[in-house]
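Colleague: Shown below is the structure under consideration.
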Amino acid sequence: MAYQNLISEIKENILYITINREKALNALNKDTLTELADVIAFANKTEQVRGVILTGAGEKAFVAGADIKEFSGYNGEQGEDLAKRGQDLVFNAIENSSKPFIAAINGFALGGGLELAMACHMRIASDNAKLGLPEVTLGLIPGYGGTQRLTQLVGKGKAIEMITTATMVTASDAEKIGLVNDVVPQADLISKAEEILNVIKQRAPLAISAAIKSVIAAVNNGDGYLTEIKEFGKCFETADFKEGVTAFVEKRKANFTGK
Ligand code: CAA
């Protein structure tokens, strides 16, 4: 797939997406969001893709936010439309994906950049990363789901503190408050994300997507227990369930097919 603002490639069933606007610290302009929507849809429909690693080009920034330069002249209606389209096509699309997404946060993750990382199912940060939602310094608030997902991840008090003061947290503080799963030296960032996905790749694909869907339902729909019951039931209809149980009984490694 050829994109103007992204680099995307599949290696060993992992789709690597790199946001490639290094000079603008990988800020999310409209074209980048359109391309992200396209590559997310591709990940969902491509059986070969078993997991996704999302990162930013260079060593300074994951994503420094929405592209502020595109905002000038916007009115309320346009602002609302921007947030709704972005949330539907990119941020919610990542969270609702059947494939596990890992954000490899290689530097600044600010505003829409932190929102993008928080939409992913897991976050690994390099030790130089700084994370924050500085929108109030621009007279705005987060618009790509940041008020909701930060609250889910770190709780109401810390979320309100971070959003209203617009202060950045270091990677190590982000780990302490549950905002990132792990912190590693920058050189090890991608291999740490690969390590996690390589474990997930050995598991039953339909069970992975059922598990993600059920966990996300816990925080988003208010019907998490019901989602879990239904997804649990659906797993019994899969060939991989039969294979998993047979392999256990036969004391061998399961050979899952995603069916
Ligand atoms: N949008 C557009 N361009 C951006 C950008 C952004 N969010 N962040 C950085 N850039 C550009 C800068 O304009 C600069 O470009 P030029 O060289 O052409 O001037 C280049 O990237 C390098 O940036 P700096 O010179 O500012 O680098 P620095 O090291 O001095 O500072 C920084 C780094 C602290 C990350 C600083 O760039 C910064 O504060 N960026 C903005 C962060 C921000 O406010 N993000 C929130 C955006 S609003 C949002 O995301 C809304 C939403 O929720 C939907």
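The values are calculated or read from the model by the stated rules, or taken from the named source; none is laboratory data. Values in this document were obtained by computation on a predicted structure and should not be read as measured data. Counting neighbours? That spans all protein chains shown, and the Cβs are built from the backbone with ideal geometry, glycine included. For accessibility, only protein heavy atoms count, side chains too; no ligands or nucleic acids. Shrake-Rupley method; radii C 1.70, N 1.55, O 1.52, S 1.80 Å.
Colleague: Only one of 82, 116, 54 is under 14 Å from the mean Cα position of the chain (by Cα), within 15 Å of the ligand (Cβ to nearest atom) and either outside any helix (DSSP H, G or I) or at negative phi (or both). Can you tell me which? Talk me through it step by step, then tell me what you get.
Modeller: Working: 82 fails: under 14 Å from the mean Cα position of the chain (by Cα); 54 fails: within 15 Å of the ligand (Cβ to nearest atom).
After applying the criteria, what remains is 116.
Colleague: Can you tell me which residue is farthest from the ligand (Cβ to nearest atom) among those in segment 57-79 that are closer than 25 Å to residue 99 by Cβ and in contact with a Phe, Trp or Tyr (Cβ under 8 Å, 6 or more places away or on another chain)?
Modeller: Looking at the filtered set, the residue picked out is 62.
Quick grid of which residues meet (1) buried (at least 23 other Cβ atoms within 10 Å of the Cβ); (2) more than 16 Å from the ligand (Cβ to nearest atom):
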position: 106; (1), (2): yes, no
position: 142; (1), (2): yes, no
position: 145; (1), (2): no, no
position: 172; (1), (2): no, yes
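Colleague: Would you please list the contacts, defined by Cβ atoms under 6 Å and residues six or more apart or on different chains, that run from a residue in segment 62-76 that is farther than 15 Å from residue 33 by Cβ to a residue that is hydrophobic (A, V, I, L, M, F, W, C)?
Modeller: 62/105; 62/109
Colleague: Under the condition of being assigned to a loop (DSSP other than H, G, I, E, B), open to solvent by 10 Å² or more (accessible area, probe 1.4 Å) and free of Cβ contacts under 8 Å to residues at least 60 places away in the same chain, which residue from segment 35-51 is farthest from residue 191 (Cα to Cα)?
Modeller: Selected residue: 46.
Colleague: Moving on. Going by the structure shown, is residue 163 open to solvent by 40 Å² or more (accessible area, probe 1.4 Å), modelled with pLDDT of 95 or more, of a type in the set (Val, Ile, Thr) and within 12 Å of the ligand (Cβ to nearest atom)?
Modeller: Judged against the criteria, residue 163 is not a match.
Colleague: Just for helices (runs of 4 or more DSSP H) wholly inside segment 129-200: which have at least 2 residues that are in contact with a Gly (Cβ under 9 Å, 6 or more places away or on another chain)? Before you say what the answer is, go through the steps one by one.
Modeller: Values: elements: 146-154, 156-165, 171-176, 189-200.
Passing ranges, in order: 146-154, 156-165, 189-200.
Colleague: Is it true that residue 67 is of a type in the set (Asp, Glu), open to solvent by 70 Å² or more (accessible area, probe 1.4 Å) and under 24 Å from residue 162 (Cα atoms)?
Modeller: For residue 67, the condition - of a type in the set (Asp, Glu), open to solvent by 70 Å² or more (accessible area, probe 1.4 Å) and under 24 Å from residue 162 (Cα atoms) - is not met.
Colleague: With the checklist (1) surrounded by fewer than 18 Cβ atoms within 10 Å (Cβ to Cβ); (2) in contact with a helix residue (DSSP H, G or I) (Cβ under 9 Å, 6 or more places away or on another chain); (3) at pLDDT 95 or above in hand, flag the one item residue 75 doesn't pass.
Modeller: (2)
Colleague: Could you pull out the residue among 136, 219, 180, 184 that is closer than 30 Å to residue 25 by Cβ, open to solvent by 50 Å² or more (accessible area, probe 1.4 Å), among the β-branched types (Val, Ile, Thr) and in contact (Cβ under 8 Å) with a residue 60 or more places away in the chain?
Modeller: Within the list 136, 219, 180, 184, the selection yields 219.
Colleague: Suppose the filter is open to solvent by 20 Å² or more (accessible area, probe 1.4 Å) and modelled with pLDDT of 95 or more; does residue 20 pass it?
Modeller: The answer is yes for residue 20.
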